[in-house]
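Visitor: Please read through the structure below; I'll follow up with questions.
The values are calculated or read from the model by the stated rules, or taken from the named source; none is laboratory data. Predicted model only: the values in this text are computed from it and were never measured. Glycine gets a Cβ as well: all are built from the backbone with ideal geometry, and neighbour counts include every protein chain shown. Side chains are part of the model used for accessible areas, which takes the heavy atoms of the whole protein and leaves out ligands, DNA and RNA. Shrake-Rupley method; radii C 1.70, N 1.55, O 1.52, S 1.80 Å.
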Amino acid sequence: MAQFSFSQIVIIRDVEGQRKLVWQDFTGKVDKSSAFDANTYYNYKYQTSGVRFIGDSAVIDGFKVILELDPKKSWVKKDKQTDNLLVHEQGHFNIGLLFMKELIDRFNKTNFKKATYNSQ
């Protein structure tokens, strides 16, 4: 049974909505020993609002995927803040967006079974 009840949420600095990153989003403590000039850190979460069973199938309701930039773990060396580096870091965050979309796509293609939906 196909699943189509989903949403995706992007949170940047405690504000929901998708936008480009700015250097002010990078408030974490700089790792001075790092060979990198910046670090973009984000987390994934998912939520459901319930599950219904129809025969041997499980229908998962209200599936949400949340991608949240963690500004306290994202950092940049102050003397390295360039437009090009910010574009590069945005690319890392965009990979997170692509993964989120792939997760939703896999969810929609999965036929969940009553006996195994938790492990699926």
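Visitor: Please compare each pair in K45/K80; K32/K64; K45/K109; K73/K109; K45/K113 to a cut-off of 28 Å on the Cα-Cα distance and tell me which ones are over it.
Guide: K45/K80; K32/K64; K73/K109
Visitor: For the stretch 106-120, take each phi angle, set θ = phi - 60°, evaluate the Karplus expression 6.51 cos²θ - 1.76 cosθ + 1.60, and give the result in whole Hz per residue in order, putting x for glycine and proline.
Guide: Each residue of the stretch 106-120 in turn: 5, 4, 5, 8, 8, 9, 6, 10, 3, 6, 10, 4, 5, 7, 5 Hz.
Visitor: Sorting check: for 28-38, 57-67, which peptide has the highest mean count of neighbouring beta carbons within 10 Å, and how do the rest follow? Walk me through the numbers before you get to the answer.
Guide: Working: 28-38: 11.8, 57-67: 16.9.
Ranked from most to least packed, the peptides come out as 57-67, 28-38.
Visitor: Enumerate the amide H contacts of S57 below 5 Å, restricted to partners 5 or more residues apart or on another chain; note that Pro and chain-start residues carry no placed amide H.
Guide: Sorted by chain and number, the residues that satisfy this are K114.
Visitor: Across the stretch 59-75, in residue order, what do the Karplus-derived ³J(HN,Hα) couplings come to in whole Hz, using 6.51 cos²θ - 1.76 cosθ + 1.60 with θ = phi - 60° and x for Gly and Pro?
Guide: 10, 9, 9, x, 6, 10, 10, 10, 10, 10, 5, 9, x, 6, 10, 8, 8
Visitor: If you don't mind, there's one more thing I want to ask. For the chain, give the percent of accessible area contributed by carbon and sulfur heavy atoms, probe 1.4 Å, rounded to a whole number. Spell out each step's value before the answer.
Guide: Values: 4100 of 7880 Å².
That fraction is 52 percent.
Visitor: Taking mean projected area of the Cα convex hull in nm² as the quantity of interest, determine which of [x] 7.4; [y] 9.5; [z] 8.5 was computed from the displayed structure.
Guide: Of the labelled values, this structure produces [z].
Visitor: Residue farthest toward the positive end of the dipole of the chain, with Cβ of Lys/Arg at +1 and Asp/Glu at -1: which of G62, S34, Y117?
Guide: Y117
Visitor: When ligands, DNA and RNA are left out and all protein chains stay put, how many square angstrom of accessible area per residue does the stretch 18-84 have with a 1.4 Å probe?
Guide: Solvent-accessible surface per residue comes out at 66 Å².
Visitor: How far, in nm, would the chain grow between E102 and K114 when pulled straight, counting 0.36 nm per residue and subtracting the alpha carbon separation?
Guide: Value of the extension gain: 2.0 nm.
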